[in-house]
Amino acid sequence: MNSHYLILIILWIVYYAIHSVLAATSVKIFFKKTLDKYFRYYRLAYSVFALLALIALLRYQYSFPSPTLTNLIIVKYLAVLFLILPGLFIMLISLKKYFMLLSGIRSIFTPVSVPELKVNGIHKYMRHPLYSGTILFVFGLFFIFPTLSNFIAAILLTLYILTGISFEEKKLIKEFGNDYLEYKTQVRGLIPFLRKHESKKVNQSIFEG
C-alpha cells in the first residue's frame with residue numbers, strides 16, 4: 001500500500017479516536033470539575049477543534065493524486081439523485097434542529113438543560129437521522145469524485161458511525177431506560193421504515209459529544 005494511504009487511514013482513525021475520547025462522559029466530567037464555570041465553553045471549543053482538525057485532514061487527503069475507481073457518468077447522476085440530495089436534505093433538517101446544541105453555542109448563553117426524550121419530526125422514522133444523512137452524502141460525494149482516497153474516507157466514516165451508534169445507544173438506554181428501549185423497538189436506527197404502532201413521544205439527543 002502506498003504510504004500516503006496508510007498515513008491517511010491512520011490520520012482518520014486518530015481523528016475519530018480523539019473525537020470519541022473528548023465526547024466521552026468521563027472526560028466531560030473531568031473537564032467540568034477542572035474548568036468549573038468555564039465548562040460551558042467546552043462543547044464550543046470541542047466543535048472548533050474538530051472542525052479545524054477535519055479541515056487539516058481533508059487538506060492532506062487531497063494533497064496527493066489518487067486513482068479514479070470508476071468514471072461512469074450515469075453513476076454520478078444517480079449519486080446526486082439518490083445519495084447527495086436525500087443525504088443533504090436529512091442533514092439540513094437535523095442540523096436545523098440541533099445546530100445550536102451540537103455546536104456548543106447554546107451552552108454559552110443558557111444553562112445545560114436536563115435532556116428530555118421524545119420522538120417528533122424526522123425522528124419518527126429513524127433514530128439517528130444526522131448519521132443517516134452523513135453516510136448518504138459522503139458516499140454520494142465518493143461516486144461523484146470516485147477516487148481511492150474518498151473511498152477510504154467513506155468506509156472509515158461508516159465504520160466509525162456504526163461503532164459510535166452502539167456506544168451511544170447504550171448511553172441513551174442508561175439515561176432514558178424503558179422509554180428509549182420502546183422507541184428503539186418501533187423506529188429503525190439508520191434506515192426509515194413505516195411502523196404499524198406509534199411510539200411514545202420522546203426527545204432524542206443525537207451526536208452527543
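Could you tell me whether segment 107-118 includes any residue that is in a helix (DSSP H, G or I), out of contact with any Ser or Thr (no Cβ under 9 Å at 6 or more places or on another chain), modelled with pLDDT under 95 and open to solvent by 60 Å² or more (accessible area, probe 1.4 Å)?
Among the residues of segment 107-118, at least one is in a helix (DSSP H, G or I), out of contact with any Ser or Thr (no Cβ under 9 Å at 6 or more places or on another chain), modelled with pLDDT under 95 and open to solvent by 60 Å² or more (accessible area, probe 1.4 Å), which makes the answer yes.
Could you list, in sequence order, all residues of segment 42-72 that are open to solvent by less than 70 Å² (accessible area, probe 1.4 Å), assigned to a helix (DSSP H, G or I) and either more than 19 Å from residue 156 (Cβ to Cβ) or of a type in the set (Lys, Arg) (or both)?
Of everything in segment 42-72, those that are open to solvent by less than 70 Å² (accessible area, probe 1.4 Å), assigned to a helix (DSSP H, G or I) and either more than 19 Å from residue 156 (Cβ to Cβ) or of a type in the set (Lys, Arg) (or both) turn out to be 42, 43, 44, 45, 46, 47.
Quick one: residue 19 ticks every box in (1) surrounded by 15 or more Cβ atoms within 10 Å (Cβ to Cβ); (2) over 19 Å from residue 165 (Cα atoms) bar one, so which box is it?
With (1) surrounded by 15 or more Cβ atoms within 10 Å (Cβ to Cβ); (2) over 19 Å from residue 165 (Cα atoms) applied to residue 19, the lone miss is (2).
Any chance segment 164-175 includes a residue that's at pLDDT 85 or above, among the small types (Gly, Ala, Ser), open to solvent by 50 Å² or more (accessible area, probe 1.4 Å) and part of a helix (DSSP H, G or I)?
yes
The values are calculated or read from the model by the stated rules, or taken from the named source; none is laboratory data. None of these values were measured; they are calculated from a predicted model. In this analysis, Cβ positions are derived from the backbone assuming ideal geometry, glycine residues included, and neighbour counts consider all displayed protein chains. Only protein heavy atoms, including side chains, enter the accessible area calculation; ligands, DNA and RNA are left aside. Shrake-Rupley method; radii C 1.70, N 1.55, O 1.52, S 1.80 Å.
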